[in-house]
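What follows is one structure encoded as structure tokens, with my remarks underneath.
The values are calculated or read from the model by the stated rules, or taken from the named source; none is laboratory data. What you see is a predicted model; the values in this text were computed from it and never measured. Here the Cβ positions follow ideal geometry from the backbone for every residue, glycine too, while neighbour counts run over all protein chains shown. Keep in mind that these areas ignore ligands, DNA and RNA; they rest on the heavy atoms of the full protein, side chains included. Shrake-Rupley method; radii C 1.70, N 1.55, O 1.52, S 1.80 Å.
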Amino acid sequence: MTGFEPDPVALAALAEHAGEHARHLGHAVGDGGTHELRRCAAAGFSSLFEPDAAQLAVLTDFPRLAEVLDRMPVATVRLDDVPELERADLLALDVQGSERAVLDGADRLLATVFAVQVEVGFHRLYEGAPTFADVDLRLREAGLVPHCFVTSRTWPLAPIGWHDPLQAHSRHLVEADMLYVRDLTTLGAVPEDTLRCAVLLACGAYGSIGLGLVCLRELISRGVLDPGSLDRFREIALAALAPHDAFGGRR
């Protein structure tokens with residue numbers, strides 16, 4: 001695993017706890033230019049984009065959480081210009097508005113990936129930042145299609161407070177983590193090693209057994225694995241799912 005963290009203090013903490021299969025580089029990923037970082041009251045809102053006051057006001061607490069405390073220049077690097085990254089099986093992005101900039105600087109890397117997990121915005125929190133539609137178009141251009149929602153985030157509409165009895169029924173869709181995968185009609189062009197990793201990613205990281213089966217069938221059709229692998233895979237999957245009922249809920 002290769003991660004990126006431009007804050008030296010946070011980078012040192014990550015390095016201290018990283019396992020033997022993880023490394024973290026001190027880059028801010030983007031389009032390769034220098035931009036202004038807005039550091040916000042809540043760290044998760046800090047962005048290279050200016051918070052959109054009018055859009056933030058629609059949601060409870062967001063104007064306070066996204067208040068800009070200070071601004072500083074930050075140099076970014078394109079993913080395609082990072083020498084340590086020759087290829088990737090999975091690209092995970094949570095970059096607070098810089099999704100298109102990162103993807104536009106990763107044409108070479110995107111050609112090697114099987115999957116991309118990306119946080120997409122449905123409610124625009126920053127001026128000029130891309131929303132789901134922009135990110136979706138860019139990933140489709142790269143040959144990737146939506147597979148599933150990993151998580152989704154809703155928020156109370158202002159002025160509904162968190163302790164208001166109507167809060168649970170006053171939610172607005174803000175953002176979601178979505179998993180994109182290589183278009184399954186093009187699996188014949190996906191390298192063998194990538195397909196092997198895809199099976200592990202699909203089942204081990206996302207619990208998507210069907211996606212794993214599709215990739216496994218492609219490997220069998222190439223003669224890489226024997227046909228009996230499919231039955232063994234199904235046995236393992238069914239044993240792992242045994243504590244759940246047919247609808248995915250625990251017994």
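Screening Asp94 against (1) over 12 Å from the mean Cα position of the chain (by Cα); (2) open to solvent by 70 Å² or more (accessible area, probe 1.4 Å) leaves a single unmet condition, (1).
Selection within the range 17-28: residues that are of a type outside the set (Gly, Ala, Ser) and open to solvent by less than 60 Å² (accessible area, probe 1.4 Å). The member of this set that is farthest from Pro83 (Cα to Cα) is His24. Assess whether Asp164 counts as being in a loop (DSSP other than H, G, I, E, B) and modelled with pLDDT of 95 or more. Yes; evaluated as a whole, the condition is true for this residue.
All conditions in (1) at positive phi; (2) not in a loop (DSSP other than H, G, I, E, B) hold for Glu175, with the sole exception of (1). Test Leu179 against the criterion of being at pLDDT 95 or above and open to solvent by less than 60 Å² (accessible area, probe 1.4 Å), and give yes or no. Taking the combined requirement at face value, the residue satisfies it.
Leu69 satisfies every condition listed in (1) aliphatic (A, V, I, L, M); (2) crowded, with 21+ Cβ neighbours inside 10 Å; (3) closer than 30 Å to Gly161 by Cβ except (2).
Restricting attention to the range 150-180, the residues that are without any contact (Cβ under 8 Å) to a residue 60 or more places away in the chain and among the β-branched types (Val, Ile, Thr) add up to 3. Only a single criterion out of (1) within 19 Å of the chain's Cα centre (by Cα); (2) in contact (Cβ under 8 Å) with a residue 40 or more places away in the chain is not satisfied by Met1, namely (2). For the subset of the range 198-208 comprising residues that are hydrophobic (A, V, I, L, M, F, W, C) and surrounded by fewer than 18 Cβ atoms within 10 Å (Cβ to Cβ), which member is farthest from Ala237 (Cα to Cα)? Here the residue is Ala205. Looking at Leu69, Leu79, Leu65, Leu48, just one residue is within 30 Å of Leu195 (Cβ to Cβ) and hydrophobic (A, V, I, L, M, F, W, C), and that residue is Leu79.
Output the residues belonging to the range 123-151 that are open to solvent by 30 Å² or more (accessible area, probe 1.4 Å) and among the aromatic types (Phe, Trp, Tyr). Matches in the range 123-151: Phe132, Phe149. Elements of the type strands (runs of 3 or more DSSP E) sitting completely within the range 1-98 and holding at least 1 residues that are within 18 Å of Tyr126 (Cα to Cα): these cover 34-40, 68-77, 90-93.
In this entry, Thr76 passes the filter for residues that are touching a Gly at 6+ places or on another chain (Cβ under 9 Å), polar (S, T, N, Q) and at pLDDT 95 or above. Scanning the range 183-199 for residues that are among the hydrophobic types (A, V, I, L, M, F, W, C) and within 16 Å of Ala92 (Cβ to Cβ) turns up at least one hit.
To keep it simple, each residue is scored yes or no on (1) loosely packed, with under 12 Cβ neighbours inside 10 Å; (2) closer than 30 Å to Leu173 by Cβ; (3) touching a residue at least 60 places away in the same chain (Cβ under 8 Å); (4) not basic (Lys, Arg).
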position: Glu5; (1), (2), (3), (4): no, yes, no, yes
position: Ala15; (1), (2), (3), (4): no, no, no, yes
position: Gly30; (1), (2), (3), (4): no, yes, yes, yes
position: Arg38; (1), (2), (3), (4): no, yes, no, no
position: Ala42; (1), (2), (3), (4): no, yes, no, yes
position: Leu56; (1), (2), (3), (4): no, yes, yes, yes
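Could you please let me know if Arg232 is open to solvent by 60 Å² or more (accessible area, probe 1.4 Å), assigned to a strand (DSSP E or B) and not hydrophobic (A, V, I, L, M, F, W, C)? The answer is no for Arg232.
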